[in-house]
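S.K.: Before I ask anything, let me first share the structure, which is written out below as structure tokens.
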Amino acid sequence: MSTIIPIPAFADNYIWVVRDGTRAAVVDPGDARPVLDYLAREGLTLAAVLATHHHQDHVGGIEALVARHPAPVYGPARETIPKLAHPLRGGDAITIPGMPLDLRILDIPGHTAGHIAYVGDVGSAPALFCGDTLFAAGCGRIFEGTPAQMWASLAKLAALAGETRVYCGHEYTLANLRFALAVEPDRASLWDRQAAAEATRHRDEPTLPSTIALERATNPFLRAGHPVVRAAAAAHAGHPIVDEVESFAVLRAWKNEFR
Ligand code: ZN
Ligand code: FE
């Protein structure tokens with residue numbers, strides 16, 4: 001049965017490994033060293049590298065990794081990814097060689113212009129690898145897109161099955177929850193989530209994966225259209241909010257300067 005393991009990298013990145021038997025697929029290897037160590041320690045053969053977007057902290061380790069472990073590199077067609085062998089677009093479907101791993105590709109532009117996500121069943125549950133677009137209780141910064149694009153991308157992810165496990169690229173959960181509580185201080189489920197996440201971090205464990213159901217219930221960015229969140233966005237902006245995209249845009253700008 002396939003399992004998913006995090007390899008911590010840099011200050012707060014996670015490199016996700018899907019492993020089954022002696023084979024492994026690696027998502028967003030920003031750094032080769034910890035992946036090479038993990039593969040050697042566990043006696044695994046690299047079956048594939050999957051990239052979500054072109055940022056260095058997600059692709060920086062690809063060259064060194066495939067130099068030691070030749071394996072096909074999958075990634076967004078619209079971005080420059082080292083050693084890219086399989087350029088992917090939304091609607092594509094792939095099977096990882098030698099693994100029981102079928103993945104669908106979603107286009108989710110906004111953080112970067114060509115950002116993609118991978119969705120598929122791993123073990124008994126659907127899994128989503130979404131890079132820096134949807135985070136636990138947050139979302140990525142909009143570097144190469146518009147708020148409308150990012151909102152549409154997040155809406156696409158929010159529409160996945162509730163039990164879908166969310167494997168994102170960074171451990172940002174506690175900082176995201178502090179912001180979420182500034183937006184919705186009266187939401188009890190947010191305080192519960194914060195207490196649970198603090199306990200997890202005190203044990204030095206990842207707060208991930210999250211689930212789509214939990215994100216729909218507590219992620220302020222997915223809740224931008226909710227009246228309470230809209231009211232908070234309007235109060236912060238100091239003017240009425242016309243629609244959910246504007247609400248989302250105000251929240252994203254607010255988070256950028258939130259300390
Ligand atoms: Zn990024
Ligand atoms: Fe990143």
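The values are calculated or read from the model by the stated rules, or taken from the named source; none is laboratory data. As the structure is a prediction and not an experimental result, all values here were calculated from the model. Please note: Cβ atoms are built from the backbone with ideal geometry, for glycine as well, and neighbour counts cover all protein chains shown.
Let's see how each residue does on (1) over 13 Å from ALA137 (Cα atoms); (2) touching a residue at least 24 places away in the same chain (Cβ under 8 Å); (3) of a type outside the set (Asp, Glu):
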site	(1), (2), (3)
VAL183	no, yes, yes
GLU205	yes, no, no
LEU222	no, yes, yes
ALA232	yes, yes, yes
HIS236	yes, no, yes
ASP243	yes, no, no
LEU251	no, yes, yes
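S.K.: OK, next. Quick test for you: out of GLU246, GLU205, GLU215, pick the one residue that is at pLDDT 95 or above and over 24 Å from LYS156 (Cα atoms).
M.R.: GLU205
S.K.: Same structure, new question: Regarding ASP186, is this residue on the phi < 0 side of the Ramachandran plot, assigned to a loop (DSSP other than H, G, I, E, B), surrounded by fewer than 23 Cβ atoms within 10 Å (Cβ to Cβ) and among the charged types (D, E, K, R)?
M.R.: Working: on the phi < 0 side of the Ramachandran plot: yes; assigned to a loop (DSSP other than H, G, I, E, B): yes; surrounded by fewer than 23 Cβ atoms within 10 Å (Cβ to Cβ): yes; among the charged types (D, E, K, R): yes.
When the stated conditions are applied, ASP186 passes them.
S.K.: Scan the stretch 143-165 residue by residue and report those that are within 16 Å of ligand 1 (Cβ to nearest atom) and either buried (at least 23 other Cβ atoms within 10 Å of the Cβ) or in a helix (DSSP H, G or I) (or both).
M.R.: Residues of the stretch 143-165 that are within 16 Å of ligand 1 (Cβ to nearest atom), as a first pass: 143-145, 149-150, 153-154, 157.
Within the stretch 143-165, GLN149, MET150, SER153, LEU154, LEU157 qualify.
S.K.: Pick from ILE81, ILE108, ILE96, ILE62: which is closer than 22 Å to LEU208 by Cα, buried (at least 17 other Cβ atoms within 10 Å of the Cβ) and either without any contact (Cβ under 8 Å) to a residue 24 or more places away in the chain or out of contact with any Asp or Glu (no Cβ under 6 Å at 6 or more places or on another chain) (or both)?
M.R.: Matching residue, one of ILE81, ILE108, ILE96, ILE62: ILE108.
For (1) away from ligand 1 (no atom under 16 Å from the Cβ); (2) among the polar types (S, T, N, Q); (3) assigned to a loop (DSSP other than H, G, I, E, B), each residue gets a yes or a no:
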| position | (1), (2), (3) |
| --- | --- |
| GLY98 | yes, no, yes |
| ILE105 | yes, no, no |
| GLY114 | no, no, yes |
| ASP121 | yes, no, no |
| PRO126 | yes, no, no |
